[in-house]
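S.K.: Handing you this structure, nothing more for now.
The values are calculated or read from the model by the stated rules, or taken from the named source; none is laboratory data. This is a predicted model, so every value here is computed, not measured. Glycine gets a Cβ as well: all are built from the backbone with ideal geometry, and neighbour counts include every protein chain shown. For the accessible areas, the whole protein counts, side chains as well, though only heavy atoms, and no ligand, DNA or RNA atoms are used. Shrake-Rupley method; radii C 1.70, N 1.55, O 1.52, S 1.80 Å.
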Amino acid sequence: MTDTAFALLKPQLDNASGIALWVADENLLNQTSKVNPAVTVISNRFDLCQQLDSAGWHSQFSDFDFSPYADHSVDNIIYRVSKEKPVVHHVINQAIRILKPGGTLSIAGLKNEGIKTYLDKAKKLFAGQMELSKLDKNTWMGILQSPGAADSELLDDQDYTQLREVASDEHFNYRSKPGVYGWNKIDKGSAFLISELAQFTERLAAPPETALDLGCGYGYLAMNCAPLGCKITATDNNAGALLACEENFRQHSINGDVIVADCAEQIDQRYPLILCNPPFHQGFSVEGDMTDRFLNAARRHLQSDGIACFVVNLHIPLERKAKKLFSTIEVIADNGSFKLILLAQPH
């Protein structure tokens with residue numbers, strides 16, 4: 001499906017010259033444009049970097065880290081706004097720092113995403129130098145020309161680059177940051193899974209020596225699996241999640257590895273225990289195949305005598321989706337909001 005905000009930006013991307021950056025968030029998956037060799041892509045999504053690299057783009061995987069770029073060193077920045085306000089503010093703040101005087105920030109989004117507010121704030125920061133256009137009543141783009149220095153206070157990005165303690169329980173303190181899914185809380189589904197983890201692990205013939213956390217986020221499931229005494233592999237697609245999980249492992253001396261991977265595709269090992277709280281939101285829409293992708297990853301990486309522990313919202317038809325992949329499918333518990341499903345005997 002074509003994103004109308006990206007359609008507004010596409011000519012800017014095609015015609016960018018000099019030193020140009022395309023700031024690409026998860027909402028740009030499967031959006032296409034001809035390769036512009038002047039442009040470097042910065043994305044916090046590993047799968048998007050892979051997709052763009054395969055198409056011939058030059059990409060940098062990072063948590064929107066602009067530190068490699070000196071002040072006033074970039075000619076053009078192209079950005080379709082992200083879901084979270086701190087991310088958008090961070091990108092706009094960095095744009096005013098790294099753009100050359102006269103360099104341009106092209107920024108687009110939808111009305112219900114707050115694009116008009118973002119453009120008003122950016123216009124003040126850029127001393128009123130903005131050319132405004134729209135595709136329709138809901139899709140807006142501003143092209144802002146850098147005056148060389150911020151003309152007002154920088155936007156509140158909630159110290160975007162910094163990890164901070166966001167939650168704690170009787171076992172751990174959890175550090176995270178804006179941009180990580182469910183970043184500022186303990187996910188209720190994940191907590192439910194951990195509270196009933198013994199119901200899963202008692203089905204194993206022996207205590208697991210290793211475990212895999214598929215889509216680890218800041219590491220809640222992986223950390224709470226560590227008391228079993230197994231070595232944990234935590235994997236995620238999001239750069240911020242990986243940074244947070246690594247820091248939480250370090251802070252609490254968790255025996256494990258944090259690996260960047262898209263649905264564990266870069267991992268060869270099989271595990272006796274897999275934990276997963278799969279996202280069913282991708283970008284700005286609900287993608288039906290996200291649960292399927294995590295189920296397929298679990299099938300590929302589960303030992304023949306192992307178990308996979310899934311938690312999903314009650315409305316997700318995980319049992320039906322899992323039938324073609326696993327011989328054993330059991331609902332272990334539900335609490336009216338989430339259900340816990342044990343999968344075993346992968347086909």
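S.K.: Going by average Cβ density within 10 Å per residue, which order do the peptides 233-240, 133-140 take, highest to lowest? Numbers along the way, then the final one.
M.R.: Numbers: 233-240: 25.5, 133-140: 14.5.
With the highest mean Cβ count within 10 Å placed first, the list reads 233-240, 133-140.
S.K.: Still on this structure: Assign one of three labels to the stretch 103-175, namely rounded, prolate or oblate, based on the Cα gyration tensor with a ≥ b ≥ c the square roots of its eigenvalues; rounded applies when a/c is under 1.5, prolate when it is not and a/b is larger than b/c, and oblate otherwise.
M.R.: Numbers: a/c = 3.91, a/b = 1.86, b/c = 2.10.
The shape class here is oblate.
S.K.: Now for a different question. To the nearest 20 debye, what charge dipole does the chain have about its Cα centre, counting +1 at the Cβ of each Lys and Arg and -1 at the Cβ of each Asp and Glu?
M.R.: That gives the chain a dipole magnitude of about 720 debye.
S.K.: Enter the accessible area per residue of the chain (Å², integer; probe 1.4 Å; all protein chains in place).
M.R.: 43
S.K.: Number of Lys-Lys pairs in the stretch 113-208 under 27 Å by Cα, sequence gap 8 or more or different chains?
M.R.: Summing the qualifying lysine pairs gives 15.
S.K.: Let me ask something else about it. Normalising by the residue count of the chain, find the relative contact order in percent from Cα pairs under 8 Å and 6+ residues apart.
M.R.: Reported as a whole number, the value is 12 percent.
S.K.: Identify, among ILE78, PRO101, HIS58, the residue whose Cα sits farthest towards the positive end of the charge dipole of the stretch 46-104, taking +1 on the Cβ of Lys and Arg and -1 on the Cβ of Asp and Glu, with the dipole about the Cα centre.
M.R.: Of the candidates, PRO101 comes out farthest on the positive side.
S.K.: Each label point is 7 Å from the Cα along the Cα-to-Cβ direction; what then is the distance between the points at ASP14 and ARG300, in nm?
M.R.: With each label placed 7 Å out from Cα toward Cβ, I get 3.5 nm.
S.K.: What is the Cα coordinate range of the stretch 225-347 on the first, second and third principal axes, sorted by size from largest, in whole angstrom?
M.R.: Largest to smallest, the principal-axis extents are 38, 38, 30 Å.
S.K.: Next up: Measuring from a point 7 Å past the Cα of LYS100 along Cα-to-C-beta, which residues in the stretch 118-158 have an amide N at less than 14 Å?
M.R.: 146-148
S.K.: Further, regarding this structure: Can you pull the percent of the chain's accessible area that's carbon plus sulfur, 1.4 Å probe, other chains left in place?
M.R.: Ligands and nucleic acids excluded, carbon and sulfur reach 46 percent.
S.K.: Just the number, please: Stokes-Einstein D of the stretch 1-119 in µm²/s, Kirkwood Rh from C-alpha pairs, 10 °C, 1.306 mPa s.
M.R.: Calculated translational D: 112 µm²/s.
S.K.: What 222 nm value per residue comes from the helices of the chain, counting each DSSP H run with n ≥ 4 as -39,500 (n - 2.57) and dividing by all residues, nearest 500 deg cm²/dmol?
M.R.: Result for the chain, helices only: -8000 deg cm²/dmol.
S.K.: Continuing with the same structure: Determine the percent antiparallel among the DSSP beta bridges restricted to the chain, to the nearest 5.
M.R.: 50
S.K.: In percent, what relative contact order does the stretch 250-341 have, based on Cα pairs under 8 Å that are 6 or more apart in sequence?
M.R.: 25
S.K.: Still on this structure: With 20 Å bins from zero, work out the P(r) of the chain over every alpha carbon pair and list the percent per bin.
M.R.: Here the calculated profile for the chain is 30, 51, 19, 0.
S.K.: Going by a ≥ b ≥ c, the root eigenvalues of the Cα gyration tensor, does the stretch 1-56 fall in the rounded group (a/c under 1.5), the prolate group (a/b larger than b/c) or the oblate group?
M.R.: Values: a/c = 1.64, a/b = 1.11, b/c = 1.47.
Cα axes put the stretch 1-56 in the oblate bin.
S.K.: Could you compute Rg(Cα) / (2.2 N^0.38 Å) for the stretch 110-241, with N its residue count?
M.R.: Ratio of Rg to 2.2 N^0.38 Å for the stretch 110-241: 1.56.
S.K.: For the stretch 187-283, what number results from the quotient of the Cα radius of gyration and 2.2 N^0.38 Å?
M.R.: Compactness ratio reported: 1.01.
S.K.: So, one more: Across 10 Å bins from the origin, how do the percents of Cα pairs in the stretch 222-274 run, short distances first?
M.R.: 25, 55, 20
S.K.: Applying a 10 Å radius around every beta-carbon, put 88-95, 265-272 in order of their mean neighbour count, most first.
M.R.: Most protected by this proxy first, the peptides run 88-95, 265-272.
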